[in-house]
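A.B. asks: Take this structure, written in structure tokens, and hold onto it; I'll ask about it next.
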Amino acid sequence: MTRAVRVALIQPQAEGAGAQEIARLLDRGLQARGYEVHHVFFFRRTKAFDRQPNAIFCAHERPATPWSLARTLLSLFGHLRRLRPDVVLCFQHYGSLVGAPIARAAGIPIVIANWTSARELTPAWLQLTDRWFGVLGLFARVVTNSRRVTQDFANYPYAYRRRLVRIDHGFESKTCNIHRAIARARLNLPVNVVLLGCVARLHPLKNLTLAIKLLAFDAHWHLAIAGQGPEQDGLAALARELGCADRVHFLGELAPDRVAMLLSALDVFVFPSLAETFGLAVVEAAHAGVPVVANRLAVLEEVLSPDGEPCVLFADAGNPAAFAAAVHRLLEDTALAATLSARAAKLAAYYSREAMVAAYAALIESEVNGKASPGGSRQALRSSVT
């Protein structure tokens, strides 16, 4: 009896962020297709994957010394030798640049890298290392998740570019049929206020300082922030400095069903991020029907414009007054909000979870069987040589 194709999904940290959500969706989708899937994390950051039966943590906290790092890497090597997956999918820049050589050393011939980290988050030396890994063939394939990200590789050597495959992210609907007041009560949020919100890792590039500064433009606004990360203390200090600490609500990391509840509680979703490769959280929010104001990034304008029509209101995150004006506009112009929401409903067809899983399955099969990757429509596996 032929065993199922075994796939390992490697990432640096176990937490409830965008790359981890994509891995979770791939896990479910690939297992439904008969694959055996395992998550392998360098370390555990939060409890997001504690109940995931097929999750492995090489360390239970971030390595802080050379010795603990060495132990983590040895653990990663040992787990991969034990699992012996047919294919490894690496996510995020450290996931690829640490995971790939260790996977190859462990005897795994097929390593697929995923470029899910914004270049602004990736040090120059890591980008150079990634380039050489691709040129030398350490990666069998490199997956990009948008046209804009694929264009970033236009000047790379052909030996790297021929490995590129574009597979747009898919997403799971975060629509929640619950009354706004009930959702707010369950999340311990104030009921009779104008509530702005965002879902993001608390990191400087997410630019949540702007989200807090918006509260200075209207004393009736409150802000709910879902996420965890190193910036929480600084954000709380900023809120105190601006005199709006009582209007900023830190919810911590939320499970997917709680994210859906938060979206149903909001009046406007704000997304002032300075760098993205796709913007999974804002896609989920727009599709859930929440009016959205997002920073005018090229990749967000691409992803959030189904049929060429934007489904969110874009504003310059470098100009807090302009961003606040866009929020005011969505709150006051119900016809505009309804139009954007109707357009956002199309996102499910553009970024189908099933299409993403099918494209990854086709990619895995093409590599396992040594075949050329098939062509196809926008939703299918595509070679991305530029």
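A.B. asks: Please determine whether any residue of the stretch 60-81 is crowded, with 17+ Cβ neighbours inside 10 Å, within 22 Å of the chain's Cα centre (by Cα) and aliphatic (A, V, I, L, M).
C.D. replies: No, there is no match, as no residue in the stretch 60-81 is crowded, with 17+ Cβ neighbours inside 10 Å, within 22 Å of the chain's Cα centre (by Cα) and aliphatic (A, V, I, L, M).
A.B. asks: Which ones in the stretch 4-41 are in a loop (DSSP other than H, G, I, E, B), farther than 22 Å from Glu284 by Cα and small (Gly, Ala, Ser)?
C.D. replies: Restricting attention to the stretch 4-41, the residues satisfying the condition of being in a loop (DSSP other than H, G, I, E, B) are 4-5, 15-17, 33-35.
Okay, now just the ones that are also farther than 22 Å from Glu284 by Cα, so 4-5, 33-35.
Result: Ala4, Gly34.
A.B. asks: On the basis of being of a type in the set (A, V, I, L, M, F, W, C), surrounded by fewer than 21 Cβ atoms within 10 Å (Cβ to Cβ) and not assigned by TED's automatic domain parsing to the domain that holds Ala211, does Ala361 make the cut?
C.D. replies: Working: of a type in the set (A, V, I, L, M, F, W, C): yes; surrounded by fewer than 21 Cβ atoms within 10 Å (Cβ to Cβ): yes; not assigned by TED's automatic domain parsing to the domain that holds Ala211: yes.
Answer is yes for this residue.
A.B. asks: Filter the stretch 298-312 down to the residues that are of a type outside the set (Val, Ile, Thr), out of contact with any strand residue (DSSP E or B) (no Cβ under 7 Å at 6 or more places or on another chain) and either assigned to a helix (DSSP H, G or I) or surrounded by 21 or more Cβ atoms within 10 Å (Cβ to Cβ) (or both) and list them by number.
C.D. replies: Ala298, Glu302, Pro306, Asp307, Gly308, Cys311
A.B. asks: Thr175: in the same structural domain as Gln92 (by TED's automatic domain parsing) and of a type in the set (Ser, Thr, Tyr), yes or no? Talk me through it step by step, then tell me what you get.
C.D. replies: Numbers: in the same structural domain as Gln92 (by TED's automatic domain parsing): no; of a type in the set (Ser, Thr, Tyr): yes.
Considered against the rule, which asks whether it is in the same structural domain as Gln92 (by TED's automatic domain parsing) and of a type in the set (Ser, Thr, Tyr), Thr175 comes out as no.
A.B. asks: Sticking with this one: Can Arg71 be described as assigned to a helix (DSSP H, G or I), more than 28 Å from Ala260 (Cα to Cα) and in the same structural domain as Ala105 (by TED's automatic domain parsing)? Full working, then the answer.
C.D. replies: Working: assigned to a helix (DSSP H, G or I): yes; more than 28 Å from Ala260 (Cα to Cα): yes; in the same structural domain as Ala105 (by TED's automatic domain parsing): yes.
When the stated conditions are applied, Arg71 passes them.
A.B. asks: Of the residues that make up the stretch 89-105, is at least one touching a Phe, Trp or Tyr at 6+ places or on another chain (Cβ under 7 Å), more than 12 Å from Phe41 (Cα to Cα), assigned to a loop (DSSP other than H, G, I, E, B) and of a type in the set (A, V, I, L, M, F, W, C)?
C.D. replies: no
A.B. asks: Among the residues of the stretch 313-326, how many are touching a residue at least 60 places away in the same chain (Cβ under 8 Å) and not in a helix (DSSP H, G or I)?
C.D. replies: Summing the residues that are touching a residue at least 60 places away in the same chain (Cβ under 8 Å) and not in a helix (DSSP H, G or I) in the stretch 313-326 gives 1.
A.B. asks: Restricting to the stretch 142-187, name every residue that is closer than 30 Å to Leu251 by Cβ and of a type in the set (Ser, Thr, Tyr).
C.D. replies: Ser146, Ser173, Thr175
A.B. asks: Can you pull out every residue in the stretch 150-181 that is more than 28 Å from Asn369 (Cα to Cα), assigned to a helix (DSSP H, G or I) and touching a Ser or Thr at 6+ places or on another chain (Cβ under 9 Å)?
C.D. replies: Passing the criteria: Gln151, Arg180.
A.B. asks: Suppose we keep only residues that are among the hydrophobic types (A, V, I, L, M, F, W, C) and in a loop (DSSP other than H, G, I, E, B) within the stretch 249-283. Which one would you say is nearest to Arg184 (Cα to Cα)?
C.D. replies: Leu266
A.B. asks: Mind listing just one residue for me: the one in the stretch 197-237 that is part of a strand (DSSP E or B) and among the small types (Gly, Ala, Ser) and, of those, farthest from the chain's Cα centre (by Cα)? First the steps, then the outcome.
C.D. replies: Initial filter on the stretch 197-237 (part of a strand (DSSP E or B)): 197-199, 221-226.
Among the residues that remain, those that are also among the small types (Gly, Ala, Ser) are: 197, 224, 226.
Values: Gly197: 17, Ala224: 19, Ala226: 14 Å.
Out of the qualifying residues, it is Ala224.
A.B. asks: Here are some conditions: (1) free of Cβ contacts under 8 Å to residues at least 60 places away in the same chain; (2) under 25 Å from Asp27 (Cβ atoms); (3) of a type in the set (S, T, N, Q). Ser173 meets all but one. Which one does it not meet?
C.D. replies: Against the list (1) free of Cβ contacts under 8 Å to residues at least 60 places away in the same chain; (2) under 25 Å from Asp27 (Cβ atoms); (3) of a type in the set (S, T, N, Q), Ser173 comes up short only on (1).
A.B. asks: Which of the residues that make up the stretch 47-59 are of a type outside the set (A, V, I, L, M), surrounded by 11 or more Cβ atoms within 10 Å (Cβ to Cβ) and farther than 19 Å from Ala105 by Cβ? Full working, then the answer.
C.D. replies: From the stretch 47-59, those of a type outside the set (A, V, I, L, M) are 47, 49-54, 57-58; that's our starting set.
With the extra rule that they be surrounded by 11 or more Cβ atoms within 10 Å (Cβ to Cβ), the set shrinks to 47, 49, 52, 54, 57-58.
Matches in the stretch 47-59: Lys47, Phe49, Gln52, Asn54, Phe57.
A.B. asks: Within the stretch 203-222, is even one residue outside the structural domain of Glu276 (by TED's automatic domain parsing), crowded, with 21+ Cβ neighbours inside 10 Å, closer than 30 Å to Val98 by Cβ and of a type in the set (A, V, I, L, M)? Outline the logic, then answer.
C.D. replies: The first filter runs over the stretch 203-222 and keeps only residues outside the structural domain of Glu276 (by TED's automatic domain parsing), leaving none.
No: zero hits.
A.B. asks: Within the set of pairs 6+ apart or on separate chains, which have a first residue in the stretch 149-163 that is in the same structural domain as Ala124 (by TED's automatic domain parsing) and farther than 16 Å from Ala298 by Cα, a second that is among the charged types (D, E, K, R) and part of a helix (DSSP H, G or I), and C-beta atoms under 7 Å apart?
C.D. replies: These pairs meet every condition: Tyr156/Arg131; Tyr160/Arg131.
A.B. asks: Give just the number: which of (1) in a loop (DSSP other than H, G, I, E, B); (2) surrounded by fewer than 14 Cβ atoms within 10 Å (Cβ to Cβ) does Arg240 not satisfy?
C.D. replies: (1)
A.B. asks: In this structure, is Ala294 outside any helix (DSSP H, G or I), within 18 Å of the chain's Cα centre (by Cα) and not charged (D, E, K, R)? Before you say what the answer is, go through the steps one by one.
C.D. replies: Working: outside any helix (DSSP H, G or I): yes; within 18 Å of the chain's Cα centre (by Cα): yes; not charged (D, E, K, R): yes.
So Ala294 passes the test.
The values are calculated or read from the model by the stated rules, or taken from the named source; none is laboratory data. Here the structure is a predicted model, which is why all the values come from computation and not from measurement. FYI the Cβ positions are ideal-geometry reconstructions off the backbone, even for glycines, and counts take in every protein chain you see.
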